[in-house]
Each structure stands twice: as structure tokens, then as C-alpha cells.
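The values are calculated or read from the model by the stated rules, or taken from the named source; none is laboratory data. Computed from a prediction, not measured in an experiment: that's the story for all the values here. Don't worry about glycine lacking a Cβ; one is built from the backbone with ideal geometry, like all the others, and counts go over all protein chains shown. These accessible areas exclude ligands, DNA and RNA; they are computed on the full protein's heavy atoms, side chains included. Shrake-Rupley method; radii C 1.70, N 1.55, O 1.52, S 1.80 Å.
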Amino acid sequence: METTGRRLLWHGMLLFLLGLLTGLAEQHFSNIRMGLAAHLEGLMNGIFLLALGGCWEHVRLSTGLERAAFISVLAGTYGNWATTTLAAVLGTAAMSPITAANHAAPAWQELLVTSGFVSVGVLMLASTGLVLWGLRR
């Protein structure tokens with residue numbers, strides 16, 4: 001039977017691979033700086049999932065909370081990479097003044113990317129809080 005920790009390790013390696021592939025494509029994005037950010041998000045979130053998968057056996061949560069933590073951490077990490085990649089493709093400046101580099105996109109695209117970043121932020125805060133709660137004592 002596959003454990004949650006092992007599944008997190010698999011997803012960590014997949015997200016790391018997606019980050020590497022994003023790095024190969026970054027010169028083709030509308031906003032190259034945001035493409036670099038997307039590359040790094042894939043790598044860092046992949047490493048985060050690998051670390052979490054390695055310590056998951058120490059997380060003590062009820063079945064429902066464990067499932068919520070697992071789903072929210074995957075949605076948050078993949079969502080972070082995907083939203084940043086989308087921002088690079090569209091050339092938006094949403095919530096990223098440093099990487100905006102005089103880029104802007106139509107309002108609906110800026111709103112889409114902003115919504116993605118806000119959602120990712122909420123998911124990552126929730127999942128991190130749950131894991132931290134599960135690691136207490």
C-alpha cells in the first residue's frame with residue numbers, strides 16, 4: 001500500500017522536473033523574469049514536497065485533517081508553479097512588482113493571475129498550519 005509520504009515524494013520529483021522544464025522554456029515567455037520565477041517556484045516547491053514527504057510519518061492528524069493537508073499542499077505547490085508560469089506566459093504584473101519589468105496585460109488576465117496568487121497563498125498557509133499542528137509534541 002502506498003503511503004502519503006511516498007506520494008508526496010513522487011509529486012515532489014514531478015514538480016522539480018516541471019521546474020527544470022520551465023527553466024528550459026523561460027526565454028520563450030512574454031516576461032522572461034517571471035519565467036525565471038516560475039522555474040524557481042517549480043524547483044523550490046518540488047524540494048518542499050520532498051522534505052514534507054520525508055517527515056510525513058511524524059505528522060499526527062485525524063484522517064480528515066490529514067487528507068485536507070495533503071490536498072491543500074499539493075494544490076498550493078502545483079498552483080504556485082502554474083500561476084507563476086501563467087503570469088510569465090501572459091506577461092502580467094499582478095502581485096509581482098519586481099518581476100513585472102514594465103509588463104502589463106489586459107485587466108481580466110491580471111485579475112486571473114491575482115486570483116491564482118491569492119488562492120495559492122491561502123492554500124499554503126492552511127496546509128503549513130495543518131502540518132505544523134500535526135508535528136506538535
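On inspection, V113 passes the criterion of being assigned to a helix (DSSP H, G or I), at pLDDT below 95 and either under 19 Å from the mean Cα position of the chain (by Cα) or over 30 Å from R137 (Cβ atoms) (or both). Here A104 meets the list (1) assigned to a helix (DSSP H, G or I); (2) among the small types (G, A, S); (3) surrounded by fewer than 20 Cβ atoms within 10 Å (Cβ to Cβ); (4) out of contact with any Leu (no Cβ under 6 Å at 6 or more places or on another chain) almost entirely, failing just condition (1).
Of the numbered criteria (1) assigned to a loop (DSSP other than H, G, I, E, B); (2) farther than 20 Å from H39 by Cα, the one S127 fails is (1). Do the conditions hold for L40, that is, is it farther than 19 Å from A126 by Cβ and either out of contact with any strand residue (DSSP E or B) (no Cβ under 8 Å at 6 or more places or on another chain) or not β-branched (V, I, T) (or both)? Answer is yes for this residue. The C-beta contact set for the stretch 87-110 (first residue within 12 Å of N31 (Cβ to Cβ), second residue assigned to a loop (DSSP other than H, G, I, E, B) and among the aromatic types (F, W, Y), distance under 8 angstrom, 6+ apart or interchain) comprises A88/F29; V89/F29; G91/F29. Only one of R60, R137 is among the basic types (K, R), at pLDDT 95 or above and out of contact with any Pro (no Cβ under 6 Å at 6 or more places or on another chain). Can you tell me which? Result of the check over R60, R137: R60. Number of residues in the stretch 62-88 that are of a type in the set (D, E, K, R) and not in a helix (DSSP H, G or I) equals 0.
Determine, yes or no, whether G53 is out of contact with any Cys (no Cβ under 7 Å at 6 or more places or on another chain), more than 19 Å from L132 (Cα to Cα) and not β-branched (V, I, T). Considered against the rule, which asks whether it is out of contact with any Cys (no Cβ under 7 Å at 6 or more places or on another chain), more than 19 Å from L132 (Cα to Cα) and not β-branched (V, I, T), G53 comes out as no. Scanning the stretch 44-61 for residues that are assigned to a loop (DSSP other than H, G, I, E, B), surrounded by fewer than 17 Cβ atoms within 10 Å (Cβ to Cβ) and not charged (D, E, K, R) turns up just one, L61.
Any idea which residue in the stretch 72-86 is nearest to the chain's Cα centre (by Cα), counting only those that are open to solvent by less than 40 Å² (accessible area, probe 1.4 Å) and without any contact (Cβ under 8 Å) to a residue 60 or more places away in the chain? By that ranking, first place goes to N80. Condition check: open to solvent by 20 Å² or more (accessible area, probe 1.4 Å) and not aliphatic (A, V, I, L, M). Does T92 satisfy that? Here the answer is no, as T92 does not meet what is asked.
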